[in-house]
Amino acid sequence: MADPMPAPQLPIFNLQAYSPAEIKEAVEKVGVKKANLPFLVSFMLAVVAGGGIGFGALYYTIVASDPTLSFAAARVGGGLVFSLGLMLVLVGGAELFTGNNLIVMAWASRKVSTRTMLSNWAIVYAGNFFGALGLVFLVYYSHHLDMNEGRIGLSVLTTAVSKIRPDGTTLFVKGILCNILVCAAVWLAYAGRTVTDKVVAVILPLSAFIAAGFEHCVANMYFLPLAWLLVQTGHAPANFDASLITISGIAHNLVPVTLGNIVGGAGFVGVVYWSIYRVTFGKSR
């Protein structure tokens, strides 16, 4: 009699989170892949990410425009819904400048050159800006800002002024604190094995940076140009002081915030975690 057919091997599902040392290896591996993507692929994925973060900012504005909410409820609620942006990036697959600051870990392990890393950051930053601007025009012409008796548009204007008013040093520090939390969210998402894991990992760090009023350069690529467009087209209320919402005002925010995001993400998260876990799996880096 012939031997019976062996029973098929069922896949083994492991729901245990990856360890920090394993996360470090994964971040480096993905960093090498990201840094070496062809230009057009990297740019298009960055456009997607710029739009994705913009959708998170749009969602935040809906909550922030409700005058019946308390300060804490508006900030925390707005932060929770803003998390949509990073979910779209991480789960959907896209290239986000602030998250790509973690490529510094692959650079520190000499797997990526300085030129390659900086080139990736420049391409992705430009793509994020392009994607955010694309969403700005779509949102403007959809008349979404007229909802809630125009309070959504007013919320965009108020948010923009609050982002431009602080001095450069304050914006730089807010940028550092923001990307510590954003890159911490990305780091935690790498620990997950399922979509649910990644979504849960993202929510609290993202909502914390929004609730605390920290500054994210890609989110500001949506907020600030949209506010500027409202001012230029005469949609700012007559009694609203929009004098700060200018091209130079936008640059006043984006330059120090971008630099702060780099320091926070690449320095305070990437370099710190690389230094801690550079000896992994018994091999010295």
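What the table below lists for this structure:
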quantity: Answer label for Cα extents along the principal axes in Å (calculated), chosen among (1) 49, 45, 33; (2) 48, 45, 37; (3) 89, 47, 36; calculated: (3)
quantity: Calculated FRET efficiency for the pair V76/Y141, C-beta based, R₀ 35 Å, to 0.05; calculated: 0.65
quantity: Exposure proxy order (Cβ contacts within 10 Å, fewest to most) of H216, H144, H252; calculated: H144, H252, H216
quantity: Gain on full stretching of the segment that runs from A251 to K33 - 0.36 nm per residue minus C-alpha separation; calculated: 75.4 nm
quantity: Fewest-first sequence of L133, L102 by Cβ atoms within 10 Å of each Cβ; calculated: L133, L102
quantity: Ranking of S19, S207 by count of other Cβ atoms within 10 Å, fewest first; calculated: S19, S207
quantity: Residues of type lysines that K33 reaches as a straight line, Cα spacing below 28 Å, ignoring anything fewer than 8 places off in the same chain; calculated: K24, K111, K198, K283
quantity: Charge dipole (debye, nearest 20) of the chain; +1 at Cβ of Lys and Arg, -1 at Cβ of Asp and Glu; calculated: 880 debye
quantity: Mean ellipticity per residue at 222 nm, deg cm²/dmol - from DSSP H runs of n ≥ 4 across the chain, formula -39500 (n - 2.57); calculated: -22500 deg cm²/dmol
quantity: Span-rule helices in the chain, defined as complete DSSP H runs reaching 27 Å or more along the axis (Cα) with Kyte mean at least -1.0; calculated: 39-64, 114-142, 168-191
quantity: DSSP-assigned coil residues among trypsin sites (Lys or Arg not before Pro) in segment 57-130, each with at most 11 further Cβ atoms within 10 Å; calculated: R110
quantity: Whichever aspartates and glutamates have a C-alpha closer than 15 Å to that of K34, once near sequence neighbours (fewer than 8 apart) are set aside; calculated: E25, E95
quantity: Distance in nm between pseudo-label sites at V195 and A26 (7 Å out along the Cβ direction from Cα); calculated: 1.7 nm
quantity: Extended-chain gain in nm, criterion 0.36 nm per residue less alpha-carbon gap, A17 and A212; calculated: 67.4 nm
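Only the coordinates and a few stated rules stand behind these numbers; no lab work does. These numbers come from a predicted model, not from an experiment. A quick note on method: Cβ atoms are made from the backbone with ideal geometry, for glycine too, and the neighbour counts reach across all protein chains shown.
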